[in-house]
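One structure is given here, and the rest of the page talks about it.
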Amino acid sequence: MDRLDKFLCDSGAGTRSQVKAILKAGRVNVDGKPEKDGSRKIDPQTQTVTLDGEVLGGKRRVVVMLNKPAGFVTATEDARQKTVMELLPKEWAHQDLRPVGRLDKETEGLLLFTNDGDLLHRLISPKQEVPKVYYARHEGQAGEEDVAAFAAGLTLGDGTACRPAVLEPMGPGESLITVCEGKYHQVRRMMASRNMAVTYLERRQEGSLTLGDLPRGKARELLPEEIGLLENR
């Protein structure tokens, strides 16, 4: 059994305050009868809830893409630092979104959020080999030996073994790096192991999703077909 107001929030009807106003306005029916009491217990499996005549289905899956700026940590909360959650519009606050993986504080670019736990775990699992493409500015210039070392799979100084990755030199001090896992500071550490300290890092792509023209610091909800690309890659 669920509280009616929670069911409405989970269905995407609005924030808690918006749902309260919706109920007060008499826009919600339960089994065809008007209901204004948000604390009422309902069984979504056996009862029908409508908003303005439209049947609601309970928790709505939400997947969001953020173009992360530097200066924010990837966490749902932090007592000392600004988190990426602060960049999401307030109307999504009731959707129980969680970051998919993480970008370190100074790394910018594509970061996904979802309230679908199964999708989250599939996207971050190394077994799924979801490719993530990064643009890096760095010291030095990547050469053929560096490309081969990435392709073979690097072992870092602390013994961390990295899966084979793709290093694409773009000229002096610039490269694209594609990895299929998300170890701690992985791209920075891999580059440093080849004497190419990273000075700027941006994630540009995850799976087949790219940032497109999404401005830095802004977020948007993915379309159903975009979510399908993540699931069926």
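The heavy atoms of residue 31 offer some 80 square angstrom of accessible surface to a 1.4 angstrom probe.
The modelled label-to-label distance for the pair residue 170/residue 145, using points 7 Å beyond Cα in the direction of Cβ, is 2.5 nm. Partners of residue 24 within straight-line reach, counting lysines whose Cα lies under 25 Å from its Cα and excluding those fewer than 8 residues away in the same chain: 6, 33, 36, 41, 59, 90. Out of these labelled values of Cα Rg over 2.2 N^0.38 Å, [x] 1.26; [y] 0.97; [z] 1.03, which was calculated from the coordinates shown here? Correct label, based on the coordinates given: [x].
By the scheme Lys and Arg +1, Asp and Glu -1, what is the net charge of all other residues having a beta-carbon under 15 Å from that of residue 85?
On the way: positive: 68, 80, 82, 90, 98, 102, 105, 218; negative: 77, 78, 86, 91, 96.
Summing Lys and Arg as +1 and Asp and Glu as -1 gives +3.
Measuring nothing but protein heavy atoms, the accessible surface of the range 22-158 at 1.4 Å probe radius is 45 percent carbon and sulfur.
The distance linking the range 125-199 with the range 95-116 is 21 Å (Cα centroid to Cα centroid, whole angstrom).
Summing Lys and Arg as +1 and Asp and Glu as -1 over all other residues whose Cβ lies under 14 Å from the Cβ of residue 198 gives a net charge of -1. Taking amide hydrogens as placed 1.01 Å from N in the peptide plane, the amide H of residue 200 sits under 5 Å from those of 137, each at least 5 positions away in sequence or on another chain. Across the chain, the mean sequence separation of Cα contacts (distance under 8 Å, 6 or more residues apart), normalised by length, yields a relative contact order of 19 percent. Put simply, the amide H of residue 142, placed in the peptide plane, has neighbours under 5 Å in 173, 174, leaving out anything fewer than 5 places away on its chain.
Answer rounded, prolate or oblate for the range 62-154, using the Cα gyration tensor with square roots of eigenvalues a ≥ b ≥ c: rounded when a/c is under 1.5, else prolate when a/b is larger than b/c, else oblate.
Working: a/c = 2.91, a/b = 1.64, b/c = 1.78.
Oblate, because a/c is 1.5 or more while a/b does not exceed b/c.
When only Cα pairs below 8 angstrom with a gap of at least 6 residues are kept, the range 101-190 shows a relative contact order of 30 percent. A 1.4 Å probe, protein heavy atoms only, puts the accessible area of residue 170 near 90 Å². Between residue 29 and residue 46, the distance separating the two model label sites (each 7 Å from Cα on the Cα→Cβ line) works out to 2.1 nm. In order along the range 72-77, the phi-based Karplus estimate (6.51 cos²θ - 1.76 cosθ + 1.60, θ = phi - 60°) of 3J(HN,Hα) comes to 10, 8, 8, 7, 7, 7 Hz; Gly and Pro are listed as x.
Compactness of the range 1-121 was expressed as the Cα radius of gyration divided by 2.2 N^0.38 Å, which yields 1.26.
Computed from label points 7 Å out along Cα-Cβ, the spacing between residue 127 and residue 229 is 2.6 nm. In straight-distance terms, cross-link reach from residue 82 covers every one of the aspartates and glutamates whose alpha-carbon lies under 18 Å from its own, apart from those fewer than eight places away in the same chain; here that gives 104, 106, 108.
The values are calculated or read from the model by the stated rules, or taken from the named source; none is laboratory data. Owing to the predicted nature of the structure, the values given are computational and were not obtained by experimental measurement. So basically every Cβ, Gly included, is an ideal-geometry build from the backbone, and we count neighbours across all protein chains shown. Side chains are part of the model used for accessible areas, which takes the heavy atoms of the whole protein and leaves out ligands, DNA and RNA. Shrake-Rupley method; radii C 1.70, N 1.55, O 1.52, S 1.80 Å.
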